[in-house]
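Engineer: Handing you this structure, nothing more for now.
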Amino acid sequence: MFRFSDPVEVLAAPLSEGAYASTRDWARSSVVWSGLGHVQPDGSVEAQSPARETAQERMLIYLPVGVPVSSTDRIRYHGGVFEVDGEPMRWPHGGLRHVRIRVWRAMH
């Protein structure tokens, strides 16, 4: 059983209309939820090529069931900002109601 003891923030950004497409304006993002979750490492991937080195960090984050989070949001945890990967999975059943979110960020 997991405990909600890790401070987490959910960030959302408004859409900005461009000449050809709409994109999220992360410079104008705001915190839509702040509270405790449960964060676990989910892996790390490193790709090396002559052109550049890239590392990716992945985590699983469990939040209380009512948290407003979607696939277009970002998560702030320990000063780092992670992108939500896919649609959050909501589990509203039983005694361990929660939302499971898979997140990632590029390290370099």
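Coordinate-derived values only; no laboratory data. The structure displayed is predicted, hence computed values, not measured ones. Positions of Cβ are backbone-derived with ideal geometry, glycine not excepted, and every protein chain shown enters the neighbour counts.
Engineer: Hey, fewest Cβ within 10 Å first, where do 75, 101 land in order?
Structural biologist: Sorted ascending by nearby Cβ count, the order is 75, 101.
Engineer: Please compute the contact order of the chain in relative form: average sequence separation of alpha-carbon pairs under 8 Å and at least six residues apart, divided by the residue count, as a percent.
Structural biologist: Numbers: 235 pairs, mean separation 27.6, N = 108.
Computed value for the chain: 26 percent relative contact order.
Engineer: Now for a separate question. Calculate the spin-label point distance for residue 71 paired with residue 22, positioning each point 7 Å from the Cα along the beta-carbon direction, and give it in nanometres.
Structural biologist: 1.6
Engineer: Cα atoms only: what Rg and Dmax, in Å, come out for the stretch 7-91?
Structural biologist: Expressed in Å, the Cα Rg and Dmax of the stretch 7-91 come to 14.9, 46.
Engineer: For residue 42 and residue 55 in the same chain, what is the full-extension length gain: residue separation times 0.36 nm, less their Cα-Cα distance, in nm?
Structural biologist: Roughly 3.3 nm would be gained on extension.
Engineer: For a quick check, take a GNM of the chain with Cα springs below 10 Å and name the residue from 20, 62, 77 with the largest mean-square fluctuation.
Structural biologist: 20
Engineer: Once fully extended, how much extra length lies between residue 78 and residue 91, figured as 0.36 nm per residue of separation less the alpha-carbon to alpha-carbon distance?
Structural biologist: Values: separation 13, 0.36 × 13 = 4.68 nm, distance 2.52 nm.
My answer for the length gained is 2.2 nm.
Engineer: Between residue 15 and residue 100, what's the calculated FRET efficiency when r is the beta-carbon distance and R0 is 22 Å? Round to 0.05.
Structural biologist: FRET efficiency, residue 15 to residue 100: 0.25.
Engineer: Related question: Assign unit charges at the C-beta atoms only (+1 for Lys and Arg, -1 for Asp and Glu), then state the dipole size of the chain relative to its Cα centre in Debye, rounded to the nearest 20.
Structural biologist: Dipole size: approximately 280 debye.
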